[in-house]
Amino acid sequence: LVVLEAIDVAKSYAARGLFVRGRATRALDHVSVQLHRGETLGLVGESGSGKSTLARAMTRLLGIDSGDIILEGEAITHLAPRAMRPHRRRIQMVFQDPYASLDPRQRVADIIAEGPIIHGVAAKEAQARARRLLGLVGLDPSAADRYPHEFSGGQRQRIGIARALALEPDVLVADEPVSALDVSVQAQVLDLLADIKAKLGISMLFVTHDLRVALLICDRIAVMRHGSIVEIGPAAQIFSAP
Ligand code: ADP
Ligand code: ADP
């Protein structure tokens, strides 16, 4: 069963800067890919190969030039913001940099509760949900009333994951979620993501430039190069030598 799908997606960025006049960067060159229910699909490839662009296109954080994005059988490619709103909840992102992506002025419980409140959950229920999620991601209940700067990088990434899960999404899109962390902490956060996948049956699109990381967490892997998927298959198959 396919949860999220890109069909023949193309995306170029307009050239910027003084010396690159007129030349657009083709970031995605007619890419098609399917995320199956319950799987973790890795997007791997060198820096600049188009992984982030594809991930952001599939969440509709980024517009595309042509092609379609399909969420559970429905094209969401051209939905207006208002029509997109209920779908937006269903795809949540975890970002690379937990330092940059958490509002330093908000308490942790408020950070996690904010999304549900925007989507109509009563404040009290949203706060209760935030506190439950802190437990799920392995943080102490006392974390609720503290601020992001009081936590380590790995702990902040746990907060980012709790924030994403608070909206009860069908799909989690993680863009280099452990790249900014120390290696020992990377393993802990990967374990947490694997645990969450097993417990909640969530589908995950996992962007990484690190093949080791991809092998640890992904069921299938798509290898990107120059804006195309050049290989896709079960993780073990992708990394077996020819
Ligand atoms: P990856 O995630 O694999 O590192 P990206 O999707 O970030 O690759 O980038 C793909 C290509 O698009 C690269 O050539 C990159 O420089 C370019 N690119 C990405 N974002 C932008 C942007 N906002 N403006 C212009 N070019 C961009
Ligand atoms: P990634 O880690 O995915 O490769 P980068 O760190 O290269 O991304 O880029 C960070 C931000 O800069 C992103 O928002 C991306 O869209 C933008 N960006 C990347 N490449 C370019 C580019 N060539 N011109 C303008 N913006 C870019």
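We did not get these values from a lab; they are worked out from the coordinates using the rules stated. Note that the structure is predicted; figures quoted are calculated from it, not measured. Note that we place each Cβ from the backbone using ideal geometry, even for glycine, and neighbour counts take in every protein chain shown.
The simple Förster model, with R0 at 35 Å and r as the Cβ-Cβ distance, assigns Asp29 and Ile118 a FRET efficiency of 0.50.
Placing pseudo-labels 7 Å out from each Cα toward the beta carbon at Ile7 and Glu231 gives an inter-label distance of 2.9 nm. Shape descriptor for the range 75-150: Rg over Rh equals 1.02 (Cα atoms; Rh from the Kirkwood inverse mean 1/r). The equivalent ellipsoid that matches the C-alpha gyration tensor of the range 152-215 spans semi-axes of 18, 14, 10 angstrom, in descending order. If Lys and Arg each add +1 and Asp and Glu each add -1, what is the summed charge of the other residues whose beta carbon sits under 14 Å from the beta carbon of Ser203? Taking every other residue near Ser203 into account, the sum is -1. Extension gain, Asp210 to Leu61, is 51.3 nm, computed as 0.36 nm per intervening residue step minus the present C-alpha separation.
From a point 7 Å beyond the Cα of Arg85 in the direction of its Cβ, which residues of the range 167-200 have a backbone N at a distance under 17 Å? Backbone N within reach: 167.
Taking Lys197 as the anchor, which lysines have their alpha carbon closer than 25 Å to its alpha carbon, excluding any fewer than eight residues away along the same chain? The reachable lysines, counting only those whose Cα sits under 25 Å from Lys197, are Lys51.
Between Ala194 and Ser240, the distance separating the two model label sites (each 7 Å from Cα on the Cα→Cβ line) works out to 2.1 nm. Where the alpha-carbon atoms of the range 1-143 are placed on the principal axes, they occupy 52, 40, 30 Å, in descending order. A full extension of the chain between Glu125 and Ser179 corresponds to an added length of 16.1 nm, given 0.36 nm per residue minus the alpha carbon distance. Computed over the chain, the P(r) curve from all C-alpha pair distances, binned at 10 Å from the origin, holds 8, 31, 35, 21, 5, 0 percent per bin.
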